[in-house]
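The values are calculated or read from the model by the stated rules, or taken from the named source; none is laboratory data. Note that the structure is a prediction, hence the values are computed from the model and not measured. Counting neighbours? That spans all protein chains shown, and the Cβs are built from the backbone with ideal geometry, glycine included.
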Amino acid sequence: MLHYGDSDIGKTMIVDKFVRDDPNICNQFGEVEARKVFRLQVTGMITTLLAQAAELAIRQKTQSISLDLLMDAATAGIFKLPAEQEIAAALA
């Protein structure tokens, strides 16, 4: 599940509930054997790439975002660097 949106609209609160309701499964030594919920918070360009990959997944009617789908989103020209970063990269 990908939560994407403006700040302060409750995205973290929703994910926190999933984490609380689905705790890790641990063995007798307290080591995690299975993680039902994997939480990752990203910002900036990665967030943009994930959002664009999610849009591509919806268009392709797939259930999840795979590495292949991320690569497709990046190489298909869907994911673009902001103009300032493209200029800085060209001058470097």
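For the subset of the range 1-25 comprising residues that are in a helix (DSSP H, G or I) and acidic (Asp, Glu), which member is surrounded by the fewest Cβ atoms within 10 Å (Cβ to Cβ)?
In this case the residue turns out to be Asp21.
Could you please let me know if Leu70 is of a type in the set (A, V, I, L, M), in contact with a helix residue (DSSP H, G or I) (Cβ under 6 Å, 6 or more places away or on another chain) and assigned to a helix (DSSP H, G or I)?
Here the answer is yes, as Leu70 does meet what is asked.
Mind listing whichever residues of the range 1-23 are modelled with pLDDT under 85 and either assigned by TED's automatic domain parsing to the domain that holds Ala74 or not charged (D, E, K, R) (or both)?
Matches in the range 1-23: Met1, Leu2, His3, Tyr4, Gly5, Ser7.
Going by the structure shown, is Ile58 at pLDDT 85 or above and assigned to a helix (DSSP H, G or I)?
Criteria met by Ile58.
Just to be sure I understand the filter: pairs with C-beta atoms under 7 Å, separated by 6 or more residues or on different chains, first member in the range 10-25 and under 13 Å from Gln41 (Cβ atoms), second member of a type in the set (A, V, I, L, M) and assigned to a helix (DSSP H, G or I). Which pairs pass?
none
Give Gln28, Gln41 a once-over and let me know the one that is surrounded by fewer than 11 Cβ atoms within 10 Å (Cβ to Cβ) and over 16 Å from the mean Cα position of the chain (by Cα).
Numbers: Gln41 fails: over 16 Å from the mean Cα position of the chain (by Cα).
Step by step, each of Gln28, Gln41 is checked, and only Gln28 is surrounded by fewer than 11 Cβ atoms within 10 Å (Cβ to Cβ) and over 16 Å from the mean Cα position of the chain (by Cα).
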